[in-house]
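Structure, as structure tokens:
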Amino acid sequence: MDIYLIRHTQTATDPGLCYGQSDIALAASFADEMGKLHDKLPEFDDNCKVFSSPLTRCLQLAETFSDTVTTDSRLLELNFGDWEGQRFDDIDADVLQHWTNNFVTAAPPKGENFEDLYQRAGSFWQDLLAAPRLSPVGEAEQVLVVTHAGVIRALLARALNLPLANAFQLRIDSGSVHKLRQVDDYLYVEYINL
């Protein structure tokens, strides 16, 4: 089974805005970015399964691949709690630094930490890789997962057995593709950040 992890394209926000689970629009450049992203990908079989975060910035992109998209809240970006919609520059510098230094176990006020996201996304991943009779993809040979940078980092950390503190060393650009292949019970990473 070929699994393509796809990050949504650029958003219509100013740099430095904390928007994790906020439902924000895609940039005006979406059509152009979407075309470039499609050019990176092969033709997909009719039975290709497409999963998406329920947020508009992912779902709008996912719907360009299929008329049948399954949304899953486990694919949501990190919940930044009280920081949602704020500029990072406006958050108390000491509090932000503490979170930055301890993001795996520290959470923004009323939000979640990276371990929480890792467990949530990992639940989706386990379901996806389950035996064909148990998996939501059945016998599909191709799967697209349209989601966010944090989720992709968590899934790649799981696939590569990386310490969670190292997950942010993985570069995840807007509109990027990351391909994994499951053969029998073994998972290969074919490429990252295409």
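Structure notes:
- On Cα atoms only, tilt of 30-39 relative to the major axis of the chain in degrees: 40
- Distance between the 7 Å Cα→Cβ label points at residue 110 and residue 141: 4.9 nm.
- Taking the fewest neighbouring Cβ atoms within 10 Å as the starting point, the ordered list for 87, 7, 74, 120 is 87, 74, 120, 7.
- Sites residue 64 and residue 185, calculated FRET efficiency, Cβ-Cβ separation with R0 45 Å, nearest 0.05: 0.90
- Pairwise label distance in nanometres, residue 168 with residue 92, each label 7 Å out on the Cα-Cβ vector: 1.9
- Proximity of backbone amide H atoms, modeled 1.01 Å from N, is registered between residue 26 and 12 at under 5 Å, excluding neighbours fewer than 5 places apart on the same chain.
- Coupling constants for the stretch 105-114 follow from the phi torsions by the Karplus curve (6.51 cos²θ - 1.76 cosθ + 1.60, θ = phi - 60°), and in residue order they are 10, 9, 10, x, x, 6, x, 10, 9, 5 Hz; glycine and proline get x.
- For a straight C-alpha distance cut-off of 29 angstrom, the lysines reachable from residue 36 (same-chain residues fewer than eight places away being disregarded) are 49, 179.
- For residue 142, residues with placed amide H under 5 Å, excluding near neighbours: 2, 49
- The ranking of 192, 6 by Cβ neighbour count inside 10 Å, starting from the fewest, reads 192, 6.
Each value in this text was obtained by applying a stated rule to the coordinates, not by laboratory testing. Bear in mind that the values here come from a model prediction, so they are computed numbers and not experimental data. So basically every Cβ, Gly included, is an ideal-geometry build from the backbone, and we count neighbours across all protein chains shown.
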